[in-house]
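Only one structure is covered here, and it is reproduced in the block below.
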Amino acid sequence: MASTDVAQARRIVTEIPGPKSQALQERRKKAVAQGVGSVLPVYVQRAGGGIVEDIDGNSLIDFGSGIAVTNVGNADPRVAERAGEQLSRFTHTCFMVNPYEGYVEVAEALNRLTPGEHEKRSVLLNSGAEAVENAVKIARSATGRQAVVVFDHAYHGRTNLTMALTAKNMPYKHGFGPFAGEVHRIPMAYPFRWPTGPQECGREAAAQAIDQITKQVGAENVAAVLIEPIQGEGGFIVPGEGFLPELADFCRDNGIVFVADEVQTGFARTGRMFACEHEGVVPDLITTAKGIAGGLPLAAVTGRADLMDAVHGGGLGGTYGGNPAACAAALASIEAIESDGLVERAEAIGERMLSRLRALADEHGIIGDVRGRGAMVAIELVQGPDDKTPNGEALGKVVSYCHKQGLVLLTAGTYGNVIRMLPPLVIGDDLLDEGLSIIEEAFDRL
């Protein structure tokens, strides 16, 4: 399915990382700030389809997609051609100085694609954190309120405000405070760890959330409720059924802006164009980034016209927001998603992965939960079938084995015990199955 000249086959010719990657890692230590980490220090020279090729000549199966960025594959020819053509015409004018059509076209596409038939507006930015921060600005400006409600296990970015919105301390917040105020955190509908079990999780968690907002914050003080429809860094937590619709209804009834952070879940990743569509939720504002432009930096806030237009002139924007080459890449990426049927492909990938991984869970008691939607799938590791204590030690062994066998895997979770999988939506079934087989081998070897 992948349109690329990179051979779609795993090939291991050295240890992982290989000698050239190790040498470059030594150069990196003397040049790059230590605070910047890497999951797998294998230095890349080419990538495409479901393969990442390193400078030692190893070809690794990609179950990471640059953290859900290369949904249409790495260096998709349409993305590269359209971005390159734009670069040859002009690289930058700043939309706030001299505007250009590409920005308008991307805004039109986002207004068309995001949930809801209401009139919409969009603003283009650079990163997911910047999009979230601007969504909060818009909500506060439109409502005249200040409070923002977020959830346990949430991840929203690394700026000062988005660190306050993010739940996990290490490594995202530790030592970086003080943080922005008027942020209130409430429990998440986490089915695997909900005290009364998954069946009642959505209903009970919604009732608890609404009760806490009403009594501890005051609904009349809340500008926005901000939530990832499927939590990313928190461990690919799919909220209990009914949780999101009840929250959205509560917000609508109380004049609160309901913001869906779809930075990781957007653009076909979950088997819908946007994850909130799984339960028919129509957010007031939706933040996007990652999968929007095939690997070029671009982000957006899209939402109800009355909210977006409430901000005074000049109140939104930024020097690089909506870079012309990134806009061109986004238009090509959206075209690829729609013309290649990648929404349906993501759903098929999810069915294939969940089936095999749930069978694996039946064989290994340390797999407490297998969850996800579409090509966004996770395994949560515990001590045993009757002990949900997080098992970070087993996770480390599984991921280490997979890396050495040439499979790029990511980790996540508040407790550091979740394996997350985000294969490109253009990956072939043969590579997908081979990657799953490596994961099965890793658990068997434990």
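Values as computed for the structure displayed
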item: Helices (runs of 4 or more DSSP H) fully within segment 94-183 counting 2 or more residues that are in contact with a Ser or Thr (Cβ under 7 Å, 6 or more places away or on another chain) and more than 29 Å from V217 (Cβ to Cβ); result: 101-113
item: Set V238, V217: member being in contact with a Lys or Arg (Cβ under 7 Å, 6 or more places away or on another chain) and over 27 Å from A326 (Cα atoms); result: V238
item: Residue match in segment 275-292 (condition: in contact (Cβ under 8 Å) with a residue 40 or more places away in the chain, of a type in the set (K, R) and surrounded by fewer than 24 Cβ atoms within 10 Å (Cβ to Cβ)); result: no
item: Set V149, V136: member being under 30 Å from L331 (Cα atoms), crowded, with 18+ Cβ neighbours inside 10 Å and touching a residue at least 24 places away in the same chain (Cβ under 8 Å); result: V136
item: Within segment 75-98, tally of residues that are hydrophobic (A, V, I, L, M, F, W, C) and surrounded by fewer than 18 Cβ atoms within 10 Å (Cβ to Cβ); result: 6
item: Subset tally (residues that are within 27 Å of E262 (Cα to Cα) and either outside any loop (DSSP other than H, G, I, E, B) or out of contact with any Phe, Trp or Tyr (no Cβ under 7 Å at 6 or more places or on another chain) (or both)) for segment 32-80; result: 31
item: Number of the exception - G49 against (1) surrounded by fewer than 16 Cβ atoms within 10 Å (Cβ to Cβ); (2) at positive phi; (3) touching a Gly at 6+ places or on another chain (Cβ under 7 Å); result: (1)
item: Restricting segment 303-331 to residues that are assigned to a helix (DSSP H, G or I) and within 20 Å of the chain's Cα centre (by Cα), the residue that is nearest to A260 (Cα to Cα); result: A330
item: Identity of the residue in segment 368-413, polar (S, T, N, Q) and either touching an Asp or Glu at 6+ places or on another chain (Cβ under 8 Å) or free of Cβ contacts under 8 Å to residues at least 12 places away in the same chain (or both), that ends up nearest to G341 (Cα to Cα); result: Q405
item: V257 at pLDDT 95 or above, of a type in the set (V, I, T), farther than 28 Å from P99 by Cα and in contact with a Leu (Cβ under 9 Å, 6 or more places away or on another chain); result: yes
item: Output for segment 413-435, where each listed residue is of a type in the set (A, V, I, L, M, F, W, C), surrounded by 23 or more Cβ atoms within 10 Å (Cβ to Cβ) and under 23 Å from I237 (Cα atoms); result: V418, I419, M421, L422, L425
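Each row is one residue, and each column tells you yes or no for (1) in contact with a helix residue (DSSP H, G or I) (Cβ under 7 Å, 6 or more places away or on another chain); (2) of a type in the set (V, I, T); (3) modelled with pLDDT of 95 or more.
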| residue | (1), (2), (3) |
| --- | --- |
| R352 | yes, no, yes |
| D369 | yes, no, yes |
| A378 | no, no, yes |
| K404 | no, no, yes |
| L446 | yes, no, no |
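The values are calculated or read from the model by the stated rules, or taken from the named source; none is laboratory data. Keep in mind that what you see is a predicted model, and the values were worked out from it rather than measured. Every residue, glycine among them, receives a Cβ derived from its backbone with ideal geometry; neighbour counts consider all protein chains shown.
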